[in-house]
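A short worksheet on the structure shown next.
The values are calculated or read from the model by the stated rules, or taken from the named source; none is laboratory data. Source: prediction; values computed, not measured. All Cβ positions, even for glycine, are placed from backbone atoms using ideal geometry, and neighbour counts span all protein chains on display.
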Amino acid sequence: MSLHLPSLPRASAGRARPRSRAALQAFALAALVLPALAAAGAAAGVALPSLAPMIKLASPAVVNIATRGTLTERVPRNPLLEDPFFRHFFNTPREPAVRHRKFQSAGSGVIVDARRGYIVTNRHVIENASEITVTLLDNRHFTASVMGSDAGTDIAVLKVQEPHLTEMPLADSSRLEVGDWVVAIGNPFGLQHTVTVGIVSALGRTGINPHGYEDFIQTDASINPGNSGGALVNTQGELVGINSAILSSENGGNIGIGFAIPVNMVKAVMQQLITYGAVKRGALGIKVGDVSAEQARSNGLGNVRGVHIDEVSHGSPAERAGIRAGDIVVSINGTPLESAAQLRNAIALLRVGQTVDLRVLRRGSIRSVSVVITGRAVAE
């Protein structure tokens with residue numbers, strides 16, 4: 001199996017009403033009901049719950065994104081031409097040969113601010129694009145510009161000049177639970193506004209992109225090439241995540257494991273991309289790791305998890321606040337920590353100048369420490 005970013009391969013050239021828990025359970029029942037039961041209900045004149053009203057409200061906010069551009073690639077050379085004698089004999093240049101290849105690609109996006117024309121998508125959907133075309137559900141299409149993009153989270157914000165747009169309301173992804181029903185809306189394989197249904201399979205997934213900042217929602221809602229940048233929606237029609245990647249079989253097929261960026265992370269990155277055109281990441285000046293079982297026992301943590309401070313940089317905000325190597329951070333801003341990746345994500349999404357409150361365990365006692373985030377001089 002392999003990780004796949006589900007935008008289409010590059011080739012040469014309005015808010016729904018909140019629903020009660022009982023209503024959500026009814027949606028779950030509707031998704032699982034047998035055809036025979038549906039037929040029996042229809043025969044008896046009983047209307048069964050449906051996701052259709054919510055999807056009708058949410059779908060206009062999901063857009064198709066088509067891109068065109070030119071890639072510059074190095075052209076492989078004969079190994080003999082790397083030898084200075086042969087280069088001189090054949091009078092070949094020392095500079096590596098390059099070629100320019102035109103490409104076109106496709107993905108999805110979500111309108112998050114209709115008045116300002118802001119659309120959120122994945123960075124890999126619009127990477128290297130010189131022309132970006134957005135198409136709406138009603139087949140209107142227009143050119144989009146890039147407000148900013150962030151490689152660390154694979155998020156990009158586009159802007160369009162169009163007065164009649166529909167935005168999707170943003171949920172609080174911290175309230176998601178495993179087992180919640182979700183709907184993926186996007187444009188897989190160019191099939192516009194395809195809707196698939198599944199559940200939240202897991203939360204806080206990491207290790208998908210080891211060089212980025214991760215807190216993925218895992219879902220079994222079918223996500224395929226072209227879904228990248230599309231919406232993962234709850235049963236209230238609110239955006240809970242941006243579909244980003246899938247695990248696929250050897251032939252590239254969907255195997256029911258997809259990943260979406262939580263909307264809370266999207267909101268934090270989006271604000272900076274709109275304001276600065278880039279993400280200005282903060283730093284504490286620490287290197288961290290997960291707490292091992294042995295460290296947990298020696299510190300009497302029991303069931304409490306935390307993050308081990310492996311190293312504190314000299315002159316860093318962490319050192320000035322009194323944090324030392326060997327300390328264990330058990331919470332940040334009141335949120336318990338379970339992994340080093342969780343702390344990395346939290347710090348990376350804070351703005352320079354913000355104050356973060358940490359609870360630190362040292363020699364059996366817990367103390368509160370406040371640290372001011374500074375510019376990213378040292379990588380966490």
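Structure above, values below:
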| quantity | calculated |
| --- | --- |
| Residue check for GLY117: on the phi > 0 side of the Ramachandran plot and small (Gly, Ala, Ser) | yes |
| Meets criteria (crowded, with 17+ Cβ neighbours inside 10 Å and under 21 Å from ILE246 (Cβ atoms)) for VAL120 | yes |
| Of all residues in region 327-339 being among the polar types (S, T, N, Q) and part of a loop (DSSP other than H, G, I, E, B), the one that is surrounded by the most Cβ atoms within 10 Å (Cβ to Cβ) | SER339 |
| Residue check, ALA221 in a loop (DSSP other than H, G, I, E, B) and over 22 Å from ILE347 (Cβ atoms) | yes |
| Of residues in region 235-271 being among the hydrophobic types (A, V, I, L, M, F, W, C) and in a helix (DSSP H, G or I), the one modelled with the lowest pLDDT | ALA268 |
| Residue list for region 153-175, filter: in contact with a strand residue (DSSP E or B) (Cβ under 8 Å, 6 or more places away or on another chain), of a type outside the set (S, T, N, Q) and assigned to a loop (DSSP other than H, G, I, E, B) | ASP154, VAL160, GLU162, LEU165, GLU167, MET168, PRO169, ALA171 |
| Conditions (1) buried (at least 24 other Cβ atoms within 10 Å of the Cβ); (2) modelled with pLDDT of 85 or more; number of the one not met by ILE274 | (1) |
| Residue within region 294-308 that is modelled with pLDDT of 85 or more and more than 25 Å from the chain's Cα centre (by Cα) present | yes |
| Test: VAL178 is modelled with pLDDT of 90 or more, surrounded by fewer than 17 Cβ atoms within 10 Å (Cβ to Cβ) and touching a strand residue (DSSP E or B) at 6+ places or on another chain (Cβ under 7 Å) | yes |
| Residue match in region 317-326 (condition: over 29 Å from the mean Cα position of the chain (by Cα), outside any loop (DSSP other than H, G, I, E, B) and not assigned by TED's automatic domain parsing to the domain that holds MET265) | yes |
| Filter result (surrounded by fewer than 19 Cβ atoms within 10 Å (Cβ to Cβ) and among the aliphatic types (A, V, I, L, M)) within region 181-194 | LEU191 |
